[in-house]
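The values are calculated or read from the model by the stated rules, or taken from the named source; none is laboratory data. All values reported here derive from a predicted model rather than from experimental measurement. Every residue, glycine among them, receives a Cβ derived from its backbone with ideal geometry; neighbour counts consider all protein chains shown. Protein only, heavy atoms only, side chains kept; ligands, DNA and RNA dropped before computing areas. Shrake-Rupley method; radii C 1.70, N 1.55, O 1.52, S 1.80 Å.
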Amino acid sequence: WSAIGEYEKHAEHSIVQTGTPFRSDENAIAILDYGVLNKPIINIKYDIKQALSCHNVRPVSFEWIDISDKATYQSKDGKVHEAYSLEEIPEEYQSGVVDKLMTPGTGALWQAVSSSCVHTLEDRRKIPELAEAKCLLACNSGKEKDSSEKLVEMCGKAWKRYASQSPEVVHSDKPESHEAIQRFKNSVSAKYIAAINMISEGTNIPWLMVLGVFRCIKLSLIHISEPTRPY
């Protein structure tokens, strides 16, 4: 990205496509024109409603999974407190509690995996057109040195418990992971994949119907009400 501006200077025309014409750190997007108000100039806007009407994307819905695990946090006075929702936790302690829940080994991951498996199996079984439906679980590996191995092991065990097929588990540290993703995309029989520190925006996996994002994100997502199917 640091060099693309130099290439763009030699182009007669440039087409810039972006899902969001802004950055969370408020820096400028490369080779995008900004007006006098320091806002990006958008010539053509193609929103989700247009994409749905053209049948270029599928309806999307988000399922709230109520985590049954209780969260614990230690206040400044040294006392340990228990809570079952973030609303019960003071804001200054919330980020630490969320990080702890996202650590490999918690029951929260088991619930996310099981829910994803159930949705995928229901789609494949009930809707003939979705016989090749696939499921992707995207997650972080955690801060501990051995947490990546723990997460790989947990994903394998969880999927075997809730589904007949073990998942393909890929990790950013493993060179063979890119080939594994390609195999998953092209295989009709493959149902599940767990991607650790891999697969983000711009990835196209045909027949991906269920996406479980088990990581902390700050992006504002569009929620389409009354979807025809809980994809």
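Kindly evaluate Ser115 against the criterion of being out of contact with any Ser or Thr (no Cβ under 6 Å at 6 or more places or on another chain), farther than 26 Å from Leu137 by Cα and of a type in the set (Ser, Thr, Tyr). Spelling it out, it is not the case that Ser115 is out of contact with any Ser or Thr (no Cβ under 6 Å at 6 or more places or on another chain), farther than 26 Å from Leu137 by Cα and of a type in the set (Ser, Thr, Tyr). Scanning segment 40-61 for residues that are touching a Phe, Trp or Tyr at 6+ places or on another chain (Cβ under 9 Å), within 25 Å of Ile29 (Cα to Cα) and not aliphatic (A, V, I, L, M) yields a single hit, Pro40.
Being acidic (Asp, Glu) and either touching a strand residue (DSSP E or B) at 6+ places or on another chain (Cβ under 6 Å) or modelled with pLDDT of 85 or more (or both) is the filter here, so list the residues in segment 48-84 that pass it. Result: Asp77, Glu82.
Residue count for segment 71-92 under the criterion of being out of contact with any His (no Cβ under 6 Å at 6 or more places or on another chain) and assigned to a strand (DSSP E or B): the result is 7. Within the set Glu87, Glu129, the sole residue that is closer than 30 Å to Lys185 by Cα, at pLDDT below 80 and loosely packed, with under 11 Cβ neighbours inside 10 Å turns out to be Glu129.
Criterion first (assigned to a loop (DSSP other than H, G, I, E, B), open to solvent by 80 Å² or more (accessible area, probe 1.4 Å), free of Cβ contacts under 8 Å to residues at least 60 places away in the same chain and not hydroxyl-bearing (Ser, Thr, Tyr)) does Glu12 satisfy it? Yes: the conditions hold for Glu12. Here the condition is being in contact (Cβ under 8 Å) with a residue 12 or more places away in the chain, open to solvent by 70 Å² or more (accessible area, probe 1.4 Å) and of a type in the set (S, T, N, Q); of Ser75, Ser53, Ser24, it holds for Ser24 alone.
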